[in-house]
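These notes are about the structure you will find just below.
The values are calculated or read from the model by the stated rules, or taken from the named source; none is laboratory data. Here the structure is a predicted model, which is why all the values come from computation and not from measurement. Cβ: placed from backbone, ideal geometry, glycine included. Neighbour counts: every protein chain shown. With ligands, DNA and RNA removed, areas are computed over all heavy atoms of the protein, side chains included. Shrake-Rupley method; radii C 1.70, N 1.55, O 1.52, S 1.80 Å.
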Amino acid sequence: MSYFGTDGIRGKFGELPITPDFILKLGYVTGQVLVERNDNPARRPSVVIGKDTRLSGYVIEGALQAGFNAAGVDVHMLGPLPTPAIAHLTRSFNADAGVVISASHNPYYDNGIKLFSGDGKKLTDEMQNAINDKLKTIMNIDSSDSSLMMPILDPAQLGKNNRIDDAKGRYIEFCKGSFPYQYDLSHLTIVVDCANGAGYSVAPRVMRELGAKVIAIHNTPDGININADCGSTHPESLQKAVVEHEADVGIALDGDGDRIVMVDETGKLVDGDGILYVLATKGLNRAAGVVGTLMSNMGLELALKEADIEFTRAKVGDRYVMHELEANGWILGGEPSGHILCLDKSRTGDAIIASLQVLAVMQAQGRALSELVEGFEVLPQKLVNVRLSQMQDPFEHEELVAAFDKAQATLEGRGRLLIRQSGTEPMIRVMVESDDEIECDVMANALANHIKTVLG
């Protein structure tokens, strides 16, 4: 059994694995792995911990902190900051690991844990497996023998805690440093949708300090309004605000600030595929190649081919995009959901930094975002999520495989079919692309209903 999904550990707060008891053990066993791998006995291992704006983050933060301390690991508390900020500050503080308490774009009642290695990248599979093995062991120990669950260190060996007061300022300067020095944003009016999440404070400040007139919306988090009808998964209010304020561009983050979608001056949405197209074909440094995912629209693949730019697909998840980028020696990749990797600027998906690179192209070329996406035609795409009572593999059922094969044959040469299991929920995702929008909708819903009937 693996407790880790495609993006860390995630679930509904109060239900395994997102319970205080489990999180305490997660902090403890992760700390054990760091102590075992510490090659400098003169210093204790250390971690940085940041979070988004969910109320449950306070409980999880305390449990993690106690677990790490009990294992002999020092903790630097960063407070509410975007996920990419924690990745950056992990390296900045020379920490052994970074921890993010967030469920990204999910509702407030969910939460989760993401882990970064000391170099600010997602954990390697090898280290994640080492943590998972220890978790399985400690979770299977008889709870009546607590001495076996978490051996107590001598008090002199316990870890310490400290809160970093200037974490926000450090990250803001890092983001601003990714913007070309010869440009500024003084001629732009920008609407920023902060999703009532981790970027609610830093994203508007970055844009203002670069000279833009900023209209911030959904920037008053109360612990339960994160991602609620706002942010990158619900950009409708951003689209409306851009038109109402006659703004030049709109930017929407998700709850933990690693996803971005944009809105042009007409109110039209530009998703992650559109952002990749702009940066690859019109960026200050033309891309040699781009990594997308299985979810990337075929229109992006065709547009990049027309521009003589290589394109390859990775499995869904920014860690897999990162792997393909490193394997090919490229710097640009991402997902239509808005995870954008610009490896010459940051080591992880960063909504603020990705938006700044698009704004830099707008400034350099003196063109509106609507003009920059010309040449990229999105093929009609329909995504239907099928929620199950428990996860099952649809490809283990011959009846479903036959239906998938028939649909794929129908789409051959003019579309795609993708059936995949969610890495974080008991859900099957059905995606159909076609040059016929009606066919997309009908086929996707028919396959989803078929899956629901067979798997329940």
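Here are some notes:
- Residues whose placed amide H lies under 5 Å from that of A97, excluding near-sequence neighbours: S46, V48
- Take the Cα of L383, step 7 Å toward its Cβ, do the same at E412, and the gap between the two points is 2.8 nm.
- Vicinal HN-Hα couplings computed from phi for segment 218-233 (Karplus, 6.51 cos²θ - 1.76 cosθ + 1.60; Hz; Gly/Pro x): 6, 10, 10, x, 10, x, 10, 9, 4, 6, 6, 6, 7, x, 5, 8
- With 24 Å as the limit, the listed pairs K176/K315; K122/K268; K121/K176; K122/K315; K25/K168; K176/K282 have K176/K315; K122/K268; K25/K168 beyond it between alpha carbons.
- On a per residue basis, segment 234-362 carries 34 Å² of accessible surface, using protein heavy atoms and a 1.4 Å probe.
- Spin-label proximity, Q392 to segment 415-456 - amide N less than 13 Å from point 7 Å beyond Cα toward beta carbon: 427-428, 450-456
- Heavy atoms of K240 accessible to a 1.4 Å probe, total area in Å² rounded to 10: 130
- Each label was represented as a point 7 Å from its Cα along the Cα-to-Cβ direction; for D166 and D39 these points are 3.0 nm apart.
- If R0 is taken as 22 Å, the Cβ-Cβ distance between L294 and N449 corresponds to a FRET efficiency of 0.50.
- Relative contact order for segment 305-389, counting Cα pairs under 8 Å that sit 6 or more residues apart, in percent: 13
- Accessible area (Å², per residue) of segment 100-225, counting only protein heavy atoms and a probe of 1.4 Å: 48
- Sum of side-chain charges, S422 neighbourhood, beta-carbon under 11 Å (Lys, Arg +1; Asp, Glu -1): +2
- Among 178-191, 348-361, 249-262, 405-418, the order from most to least packed when residues are scored by Cβ within 10 Å on average: 249-262, 348-361, 178-191, 405-418
- Segment 246-354, accessible surface, carbon-and-sulfur percent (1.4 angstrom probe): 46
- The calculated 222 nm mean residue ellipticity attributable to helices in the chain amounts to -11500 deg cm²/dmol, summing -39500 (n - 2.57) over DSSP H runs of n ≥ 4 and dividing by all residues.
- Placing H323, H105 in order of accessible area, with the largest value first and a 1.4 Å probe, yields H323, H105.
- For G5, the residues whose amide H sits under 5 Å from its own are R10, ignoring neighbours fewer than 5 places away on the same chain, with H placed 1.01 Å from N.
- Rounded to the nearest Hz, the phi-derived 3J(HN,Hα) couplings of segment 317-333 under the Karplus curve 6.51 cos²θ - 1.76 cosθ + 1.60 (θ = phi - 60°) are x, 5, 5, 6, 4, 4, 4, 5, 4, 5, 5, 9, x, 9, 10, 10, x, where x marks glycine and proline.
- The L269 and Q365 beta-carbon pair, evaluated with R₀ = 25 Å, returns a calculated FRET efficiency of approximately 0.75.
- Remark: segment 288-296, residue by residue, has Karplus-estimated 3J(HN,Hα) of 6, x, 10, 9, x, 10, 4, 8, 5 Hz, where x stands for each Gly or Pro and the curve is 6.51 cos²θ - 1.76 cosθ + 1.60 at θ = phi - 60°.
- Spin-label model distance (nm) - N94 vs A156, 7 Å beyond Cα toward Cβ: 2.4
- Highest-first arrangement of 294-306, 124-136, where packing means the average Cβ count within 10 Å: 294-306, 124-136
- Annotation: amide H-H contacts under 5 Å for N161 (H modelled 1.01 Å from N, sequence separation of 5 or more, or interchain): V75.
- D222-E437 FRET efficiency (beta carbon distance; Förster radius 45 Å; 0.05 resolution): 0.70
- Label zone at D344, where the point sits 7 Å out along the Cα-to-Cβ direction: segment 236-279 residues whose backbone N lies under 18 Å: 275-279
- Which labelled figure in (i) 1.23; (ii) 1.12; (iii) 0.98 is Rg/Rh (Cα atoms, Kirkwood Rh), once derived from the coordinates: (iii)
- Relative packing of peptides 389-395, 67-73, 372-378, 113-119 - highest average C-beta neighbours within 10 Å first: 67-73, 113-119, 372-378, 389-395
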